[in-house]
Structures are given as C-alpha cells and as structure tokens.
Amino acid sequence: MEYDFILDRGPSPFFHGREEIIDTFSSVLKFSRDTKKGTTFLIQGAPGAGKTALLDVLSNQAKPKGWEVALINGKDLYDPVSMAQSLGKSYTIDSEYALNVGIKFLGGGLVASVAGHASSEEILKRLAPENGLILVLDEAQDLQYLKNTPKEHNLARDALTVIHYGDVGRPVMLIVGGLGTTESSLGGLGVSGIDGDCTVQLGRLDEESERAVIRDWITHAGGAVGDPSRWIDSIAEKTHGWPQHIMSYVKPALKYLKSSHGKMTDSGLEFVYEKGNEYREEYYQKRVKGIDKKKRQDLAKIFAGVPLGDTMELEDIMDALKEEYTEEVAEKLFKKALERGIIDERKDGDYGIPIPSFHTWLVDQYVQNKSQYIPPAPKQLPAKPEQFLLPPKKDDESNVNKNKGQNEDRRKGGGGFSMER
C-alpha cells in the first residue's frame, strides 16, 4: 500500500500493544452482556498517546460480538434529535416541538418510534438494541465547555448517569477518550466512582510493540527492500514509544522510501532524522500554544531539575506557581497545562511531563540554566547490513552516527501501556 499523505491521529492501519487494556475491555463487554448492565470505560492520556486509535480498536473488537457501535458528541447527551442522528437514525420535529424519531439501526432491522417531549435518556432506554450498544465519545475533556442551559446540563447528566450505573435496562456501554482532565469533566456531570479496571491512563508503547508498529509502516506502507532492523532501531531511538513521535518519523521515512524505490540508505536515514525532528518540534509548539511565554518559562523552571520520567507532588507544583502568581492564576495555569497535555497525572497522584523529549525541549527552550539532568551515553547504531544499503557516494557520507550523540534517553518499561491506574 502506498501513501502520499498520512494523518498523525485517528485510527491506525498498524496497531500493536495495549493487550492488557484490550483484554480488560473484553471482560467488561462480557460482564455487560451477561448482566444486561452498562458502565463507563475511560481512557485518559496526553495528546499523541494513541487514544483515538485505541478507541477504534476497542469498537471494532465489539462489533463481531454483536454490539452496535455509534460515535457520539457532547451535544447528543442533552439533545435527543442530535443523539438520534448520531445513532444513524432519521427524525422529524412537529411544529409543537414534539419529537418523532424513526429508528433503524444501520446494521440491523430494529424499528421503533418515540413520541412526545423525549430526552436522550429516554431514547436510550426505549431504543437501545437488546444485543448491546457501544457509545464512543472522544475528546471528552471538552464536556466542561458545553454551552448549555441548566436544563440541558441536567439532561446530559441524566443520560450519562443512566449509562454509567447500568439503568438502561439492556447493555449500553460508554467508551470515553480524553486528556487528563476528562475524569473531572465527567465528575461535573454526575459520573463518579469509575471502576479502577475501567480507568486507563494511557502512556507510551512497550518496546516490542513500538518496533512492530515502525516495522509495519516501513515494510508494508513504505515497501522497504531488505532487512529494516537498522532503520527500526534508529527511529525507535527518537520516538520513546510515543505514537505521535512514531508518526513524526514515519512520514519522512515513507517519503524517502517511495523516492528510493524502497532502498534504505544512510542519507535516507539522515533525512528521516532531520524531517522527523521538525515534525516533532511542531507537535511541541502546538502543545504550548495558548500559554504566554512567561508562563511557559515558569512551568519549565519547575521541572528543570526533575529527572526525565520523574514526577512532582501537586502541592510542590502549586507552591512554586504561587510564588509568581495569585492562587487563582496559578490554578488556571495548572489546569491549562493539563488540558494542553504538557503535564499529566500519574497513578500515584503526582504529576509529570509525560514525554521525555518534550521535557528536554521545554527546559531547553525556556530555561536559561537548562536542566540538571544528564542522560547516559547514547547507544551506537547497529552495524550496517551491507546487503540492503547502497554503497555510499563520496559526496553522500552519512552523519547519522555523529548525530546520534544528540539522542534523548529512552524510557523503558514492560506491558502494553504504562502509568495505568
């Protein structure tokens, strides 16, 4: 398969890892089906952790088991017409605002109707299929910004509550994806006490899964000729298991492989490094957008002396911010940093910068004295398997090994995901 353009978010054609999450979700599906109950399955993580791709995988796992799946948005929770539309239904509204909803699931033959002043809760109770309904709500941290009236707020709360506590009368499950503020956003709408097994803090991919994803992109999408191990190892040194970073380096890799007819040269790897670094920095710039430079500097100073991957207690972070700002401004800045994915909460309740290279970049950009953290010596590139590398030209000598000294320290861990609650 060939790609001239690929998106860096959303469902991925190549997915590996997260096995523990997928297994847990499968158990929750079975429980919901057997008990005819519902629940909320929450996936939180910083931008670029692969939440949307995981939501897609979980949804596709449910479909062969007979579950109907619908993508919904915040408005659906208080607007029954919008809910009906997201469920793939036709609808009409009478002049007196009486709602008549013609229901027909796209994958089946269920037909029913609701008349009168309906609500999203009523639609779910009366029309959810007996075989089960999965509602997928992505970017759910934005629920806190719903511009609704008190009545609409209550309607949204009622719809979420009836799903979360399994009161629909049949299996209806809500899968929620969002940033680190999502759980508190749900709490503001009456959803609290989500089961620990149904709450995931999504982190980096484990090393084996990371390499498998890179391999698939290079070989299946890029058409690489020969053994891709050296390219995989070299790219993995830059990506830290972070799906967003993988895409940053995969994009130029595919571009080069297409132009070289799949040949993996030293100059090609150098091109991947250069362009991948640019894409990665663009990602970091997006994360800090909306926070003025002075506040970025103050956030960076707090973490300048913190080793990569380590965390700080919330009290210490807030005390440092209050030295520069009023309590109200400090709290707003902390919340903004959470919303932008600059920091996230770990399983022990402390907070840290989730991506090692983002930590380094933030400190280098905004702190004059830089970080006190000194990374260990970088790994050397594996020996070049000559059977798949073109002979170097005199004017095409590689600087890859020289550039390797600038690689960030990679965090290592096991399992399909890290920082799980």
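The values are calculated or read from the model by the stated rules, or taken from the named source; none is laboratory data. None of the values given here were measured: they were computed from a predicted structure. FYI the Cβ positions are ideal-geometry reconstructions off the backbone, even for glycines, and counts take in every protein chain you see. All accessible areas refer to the heavy atoms of the entire protein, side chains included, with ligands and DNA or RNA removed. Shrake-Rupley method; radii C 1.70, N 1.55, O 1.52, S 1.80 Å.
From the list 196, 188, exactly one residue is over 30 Å from residue 229 (Cβ atoms) and in contact (Cβ under 8 Å) with a residue 60 or more places away in the chain. Which is it? Just a single option satisfies the conditions, and that option is 196. Screening residue 217 against (1) touching a helix residue (DSSP H, G or I) at 6+ places or on another chain (Cβ under 6 Å); (2) over 30 Å from residue 358 (Cα atoms); (3) at pLDDT 85 or above leaves a single unmet condition, (2). If you go through segment 123-150 and keep only what is touching a residue at least 24 places away in the same chain (Cβ under 8 Å) and more than 27 Å from the chain's Cα centre (by Cα), you end up with 123, 124, 125, 127, 128, 129, 130, 131. Looking only at residues in segment 354-382 that are open to solvent by less than 10 Å² (accessible area, probe 1.4 Å) and more than 11 Å from residue 304 (Cα to Cα), the one that is modelled with the highest pLDDT is 358.
Exactly one residue out of 166, 241, 178 is under 16 Å from residue 18 (Cβ atoms), among the small types (Gly, Ala, Ser) and open to solvent by less than 10 Å² (accessible area, probe 1.4 Å): that is 241. Just a yes or no: is a residue in segment 210-219 touching a His at 6+ places or on another chain (Cβ under 6 Å) and either touching a residue at least 60 places away in the same chain (Cβ under 8 Å) or within 17 Å of residue 53 (Cβ to Cβ) (or both)? Looking for residues that are touching a His at 6+ places or on another chain (Cβ under 6 Å) and either touching a residue at least 60 places away in the same chain (Cβ under 8 Å) or within 17 Å of residue 53 (Cβ to Cβ) (or both), one finds at least one in segment 210-219, hence yes. Candidates are the residues of segment 245-255 that are of a type outside the set (D, E, K, R) and surrounded by fewer than 23 Cβ atoms within 10 Å (Cβ to Cβ); the one that is nearest to residue 220 (Cα to Cα) is 254.
The set of residues from segment 160-193 being aliphatic (A, V, I, L, M) and over 26 Å from residue 11 (Cβ atoms) comprises 162, 168, 189.
Looking only at segment 222-237, residues that are open to solvent by 10 Å² or more (accessible area, probe 1.4 Å) and under 23 Å from the mean Cα position of the chain (by Cα) come to 1 in all.
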